[in-house]
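Inspection log for the structure reproduced underneath, given as structure tokens.
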Amino acid sequence: NAGVTQTPKFRVLKTGQSMTLLCAQDMNHEYMYWYRQDPGMGLRLIHYSVGEGTTAKGEVPDGYNVSRLKKQNFLLGLESAAPSQTSVYFCASQTSGSHEQFFGPGTRLTVL
Amino acid sequence: AQSVTQLGSHVSVSEGALVLLRCNYSSSVPPYLFWYVQYPNQGLQLLLKYTTGATLVKGINGFEAEFKKSETSFHLTKPSAHMSDAAEYFCAVILTGGGNKLTFGTGTQLKVEL
């Protein structure tokens, strides 16, 4: 049981480049979340999904897009990266019958 | 409006001393409350949670927290700190009517000294 995995672990982009972060979970969880963590700001919700084929905006969605084509995967896309998107990104998943979120190990993204 | 406030971005204690990390929430209706821990270069791990029932909640690694409605607080404590407790701790809430979305505090970095 791998839990929640994230790919890649590290990435450096130049301003204007695009990339996709992959989150995968093997716990058959319905809900999945993308957060960003910045110093002194805690974790802020970017987008989330309550089931396959559904997505919704969180607190800081601008500049990001997501897709949940399969229940086990939740993709976070940056179409045109900006230095303000330099952050650590965490994915989490949760079953609908519980309030506990399980977190992945994070992706450290630097945009130059 | 800030839903959850953690007082003290950095707390330092001696090994064996009491750990007290403070968390207050702002909601007229008691939310669901959580404490998560983040060890260096890792994701977050649930320490404990309060949803309903007993207001004193025990978690992993000897931590506990007490929900006090009158003080709108959910402070995290541990009687005796260990070096392995050094980490960042996050208080989080799920607000009534907020679905399952967690709102996190800004975190408290705990340092444990010999």
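Each residue in the range A:20-45 was checked for being over 14 Å from A:G104 (Cβ atoms), outside any loop (DSSP other than H, G, I, E, B) and of a type in the set (A, V, I, L, M), and 1 pass. The residue that is surrounded by the most Cβ atoms within 10 Å (Cβ to Cβ), among those in the range A:60-112 that are hydroxyl-bearing (S, T, Y) and within 23 Å of A:N28 (Cα to Cα), is A:S93. Which numbered condition in (1) out of contact with any Asp or Glu (no Cβ under 8 Å at 6 or more places or on another chain); (2) surrounded by fewer than 13 Cβ atoms within 10 Å (Cβ to Cβ); (3) at pLDDT 90 or above is the only one that B:L56 fails? Exception for B:L56: condition (1).
Working carefully through the options B:E113, B:E88, find the one that is surrounded by 11 or more Cβ atoms within 10 Å (Cβ to Cβ), within 23 Å of A:P39 (Cβ to Cβ), acidic (D, E) and within 14 Å of chain A (Cβ to nearest Cβ).
Numbers: B:E113 fails: within 14 Å of chain A (Cβ to nearest Cβ).
Among B:E113, B:E88, only B:E88 is surrounded by 11 or more Cβ atoms within 10 Å (Cβ to Cβ), within 23 Å of A:P39 (Cβ to Cβ), acidic (D, E) and within 14 Å of chain A (Cβ to nearest Cβ).
Scanning the range A:5-19 for residues that are closer than 17 Å to A:G104 by Cβ and out of contact with any Ser or Thr (no Cβ under 9 Å at 6 or more places or on another chain) yields A:T5, A:M19. Loosely packed, with under 13 Cβ neighbours inside 10 Å and either acidic (D, E) or under 15 Å from the mean Cα position of the chain (by Cα) (or both), is that true of B:L48? No, not satisfied.
Tell me, which strands (runs of 3 or more DSSP E) lie completely within the range B:1-71 with 1 or more residues that are touching a strand residue (DSSP E or B) at 6+ places or on another chain (Cβ under 8 Å) and in contact (Cβ under 8 Å) with a residue 24 or more places away in the chain? I'd like the intermediate steps shown before the answer.
Details: elements: B:4-7, B:10-14, B:19-25, B:32-38, B:44-50, B:56-58, B:64-68.
Because the criterion is at least 1 residues that are touching a strand residue (DSSP E or B) at 6+ places or on another chain (Cβ under 8 Å) and in contact (Cβ under 8 Å) with a residue 24 or more places away in the chain, the strands (runs of 3 or more DSSP E) in the range B:1-71 that meet it are B:4-7, B:10-14, B:19-25, B:32-38, B:44-50, B:64-68.
The values are calculated or read from the model by the stated rules, or taken from the named source; none is laboratory data. Note that the coordinates shown come from a computational prediction; the quantities given were computed from them, not determined experimentally. Counting neighbours? That spans all protein chains shown, and the Cβs are built from the backbone with ideal geometry, glycine included.
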